[in-house]
Every structure is written in C-alpha cells, then in structure tokens.
Amino acid sequence: MGPGDFNFLQEMLKRESGLVLTEEKSYLLESRLIPVARKLSLNGIEELVVRAKNGTSPEVKKAIIEAMTTNESFFFRDIKPFDIFREATLPYYLDARQNTRKIKIWCAAASSGQEPYSLAMILNELGPKIAGWNVDILGTDISTDILDKAINGLYTQFEVQRGLPVQNLVKYFDKEDEHWRVKSELRSMVKYREFNLLDSFATLGQFDIVFCRNVLIYFDQETKAQILARIAECMPPDGLLFLGGAETVLGISNLFQPIPKLRGVYEVASKESGPSAFMEHPAVAAFAS
Amino acid sequence: MKSCLIVDDSKVIRMVAKKILQELDFETVEAEDGQVALDLCKNQMPDAVLLDWNMPVMDGIDFLKNLRQLPGGDGPVVVFCTTENDVNHIQEAMEAGANEYIMKPFDGEIIQAKFAQVGLL
C-alpha cells in the first residue's frame, strides 16, 4: 500500500470514527482490510481505497470503518470491573435509587455483546433484590455487523470459554449445534443501537453508570476530552464511569475524578470537598478496604 | 509451585497440556486413565486436576466421584477437559464435584482463563 492510500485511510478513519491510526499500527490495515476486500470481491486494499475515494460506494467506507473499529471482547473481561459493579456499585445504587427504583446503564462500546450480557448476568443473580426495579442496559457500537451478533447472542465454543464461568454457561445459554446462544430472558435485558461516539449524545438520555472501556485509547487527546465531556453531560452528579485498565481521565478531563482504590472507576467531579456519597456507602468502603 | 495432575488417555493431549501448564508455572504429573490418577492421588493430592472424560479402565466422571470420597479428596480443583460438550455432561460433571469445564479443542488462553477463574493463578 502506497503512502497516498495510507494517508487517505488515516484521514477518513479519523474524520468518520475518531480512530487515530499511527504509522506503527499500519500493519492493522493489512490484516483487517484484506479480508474486507476479499468479502467484497475486490482486488486487494488498493481497489478498496479507490472505491472508498470515489464516494459512490458508501458500503465500502462503512465496511472499512467497521473492520478497523471492531475489537475483540469476552465475557467478564478483566474481571475486576465486574467485581466492583457487583460488590460496590449495585449496592450503592440500590440504596440511592430507592425512590425511583430505576438504574440506567450504558455500554458505550458494546462490541459483540459480552460486556452488557455479563452485567445482565450479575443483575439477574440479585434475584428478589431487584424485583420491581427498572434496570435498563443499553449497548451501543459503531459497527452494525458486530451489533447484529450482540443482538443474536450467538457465540462460538471458544468465545464462551474465555471468562465465562461454566455455571453461567449452563444457566444463561442454550446450545445450538456447535454454538451457544444467550437465553431470551437475558437477551431481553439489553437493548442495542448503532451509535458513533463522535455524534451528538442528545438522543441517548441519562445514565447512572457508563462502561466505556478500551475505546478512548484509539482517540487523540482532544477527541477523548470531547467524548468525556459529553458522557459527563448525560450523567447525574453521582454517576460512575468505568474505563479500561490502560485508560485514564487524568490530564485529559477534570469532569471526572478517580475513586481511590477502585481502579478504572471514575465519578462525576464535584465542587464539594470530602468523600462522595458513593465512597461513603458501607459496601463501597468495605470493597475498597 | 502448584501441582497439576493431567489425566488423559491421549499422549498428545497430555503433552500439549503439560507444555501449557508448565508455562503457567505448574509442576505436572500425568496419568493415562482414572484408575492410575486415583492411585496417584491416594499417594499425594495435587492442587489441580485437568481431567478427560472418556478413558479406558476408569473414566473421568468415576475418577472424580471416587476422588471426592477420599480423605483430602475435596482439596484438588478439578477442571474437566473433554470433547463432551453438551449441557447434560457439563451438569453431571458439576454435580459430581468438578470446579470448571473446558470443551475441547482447547488452547493456552482457555486453560489460563479457566484456571484463573477457579483461583489457581
């Protein structure tokens, strides 16, 4: 691939999806776009670029963006954020939202659905504790292909063996030939929609808890700050943001502050000094000790 | 260093599992069927057992049931590793006292993920 094609793809990906593709990661173009060209019966990346450039094939552009922004996911990935969600976050919100009995959760890069379904499993395990509660989980992703997979909830044997305890496999999945499908009760707990984090958040609504893990790493500083600002706008003062292990808000945004001892979890910054209601909750204090 | 008993009648599978487990810092012992594995456990309980289902002499499920009856037999973490991949087999294994379940084919990532899940890593 010539430098002209690389520059075109680099600019297009930045403009359309915010993805920053450095030259060191140019190998990703080859490994991810050659299969796309093959699928579209095109003669390699060069022809893919020609089609994307002439603007007459929007589906080519979309396929390139989807291929470059789709990242692997697995159930209970990194485990710790899910422990925090189960042991600290949910006990806090079950107390703090007693009046409304509503909790809204957004997985901002839902990918093939493993993260939102992992959260749904944790919620389901609460049983009678959340009876009568209205807990919404919204999963969004820029890729419609990957969201189709999430909606179908159909996973390979390999995928259900990475991170998913076998007890959860038999409880929440049905076997279909060589695949495993998430049971309809669990699938119905999650709503999905296509969404580009560069677009306006106005139509999304408000969320108590936002999972935006392993996404910001692909954006430049300015885009990261803009996305964090828009996330903050759609959260209440006691909202919580979960980022990936290699991500932080420090040096990027002062709208969120890290929660001591809960790595990867940030709360909406407050003007008041002292620990927040979340940090003072007994379950949170116990988990963090 | 934790120990893992690899029980499988396939020499190739034992060899692959041994390599993966040694990279995860396990000391490994091998058995080609459930009876040999049971005799080894009577002598010394391992920390973990990676267990095939279909084997001659004594299969994996009978080994597990016998193991859990032995003094100290509730100690080892048992991870089934088998081509049996239907819900009934998984449930039978869990009821017999298995801690986790791997469906073959497996690779290093799956073994590592499952062993981490049950607290072995």
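Some points to look at:
- Inside the range B:43-64, residues that are under 13 Å from the mean Cα position of the chain (by Cα) and either in a loop (DSSP other than H, G, I, E, B) or free of Cβ contacts under 8 Å to residues at least 40 places away in the same chain (or both) make up a count of 11.
- The requirement of being closer than 30 Å to A:K14 by Cα, in a helix (DSSP H, G or I) and modelled with pLDDT of 85 or more is not satisfied by A:P91.
- Residues in the range B:14-30 that are in a helix (DSSP H, G or I) and touching a residue at least 40 places away in the same chain (Cβ under 8 Å): B:A17, B:I20, B:L21, B:E23.
- Failed condition for A:N43, given (1) modelled with pLDDT under 90; (2) within 14 Å of another protein chain (Cβ to nearest Cβ): (2)
- Any hit, the range A:243-261, residues being crowded, with 20+ Cβ neighbours inside 10 Å, part of a strand (DSSP E or B) and among the aliphatic types (A, V, I, L, M): yes
- Condition met for A:G163 (at positive phi and touching a Leu at 6+ places or on another chain (Cβ under 8 Å)): no
- Residue match in the range A:34-50 (condition: part of a helix (DSSP H, G or I) and touching a Ser or Thr at 6+ places or on another chain (Cβ under 7 Å)): no
- In the range B:65-104, residue farthest from the other protein chains (Cβ to nearest Cβ) [restricted to those that are hydroxyl-bearing (S, T, Y) and in a strand (DSSP E or B)]: B:T82
- Residue check, B:D33 without any contact (Cβ under 8 Å) to a residue 40 or more places away in the chain and closer than 28 Å to B:E109 by Cβ: yes
- Hey, A:E178 surrounded by fewer than 14 Cβ atoms within 10 Å (Cβ to Cβ) and at pLDDT 95 or above or not: no
- Test for A:Y117: is it on the phi < 0 side of the Ramachandran plot, over 16 Å from the mean Cα position of the chain (by Cα) and aromatic (F, W, Y): no
- Subset of the range A:12-29 [assigned to a helix (DSSP H, G or I) and under 20 Å from A:F195 (Cα atoms)]: A:M12, A:L13, A:K14, A:R15, A:E16, A:S17
- Cβ pairs under 9 Å, 6+ apart, first in the range A:229-245 and not assigned by TED's automatic domain parsing to the domain that holds A:I105, second part of a helix (DSSP H, G or I) and among the charged types (D, E, K, R): none
- Leading residue by the ranking (farthest from the other protein chains (Cβ to nearest Cβ)) among those in the range B:105-121 that are in contact (Cβ under 8 Å) with a residue 24 or more places away in the chain and under 23 Å from B:D59 (Cβ atoms): B:F115
- Filter pass, A:S270 being in contact with a strand residue (DSSP E or B) (Cβ under 7 Å, 6 or more places away or on another chain) and either outside the structural domain of A:E87 (by TED's automatic domain parsing) or at pLDDT below 95 (or both): no
- Each residue in the range A:128-157 was checked for being crowded, with 18+ Cβ neighbours inside 10 Å, part of a loop (DSSP other than H, G, I, E, B) and modelled with pLDDT of 95 or more, and 1 pass.
- Beta carbons closer than 8 Å, at least 6 apart along the sequence or on distinct chains, pair a first residue in the range A:61-73 that is farther than 12 Å from A:P35 by Cα with a second that is acidic (D, E) and crowded, with 20+ Cβ neighbours inside 10 Å for A:S73/A:E115.
- If you go through the range A:47-82 and pick out every residue that is surrounded by 14 or more Cβ atoms within 10 Å (Cβ to Cβ) and more than 14 Å from chain B (Cβ to nearest Cβ), you end up with 21.
- Lone unmet requirement of (1) in contact (Cβ under 8 Å) with a residue 40 or more places away in the chain; (2) over 23 Å from A:L94 (Cβ atoms); (3) in contact with a helix residue (DSSP H, G or I) (Cβ under 8 Å, 6 or more places away or on another chain) for A:L186: (2)
- Single residue of the range A:158-167 satisfying the filter (free of Cβ contacts under 8 Å to residues at least 60 places away in the same chain and in a helix (DSSP H, G or I)) that is farthest from the other protein chains (Cβ to nearest Cβ): A:Q167
The values are calculated or read from the model by the stated rules, or taken from the named source; none is laboratory data. Remember, predicted model here, so these are calculated numbers, not experimental data. Cβ atoms come from the backbone with ideal geometry, glycine included; neighbour counts cover every protein chain shown.
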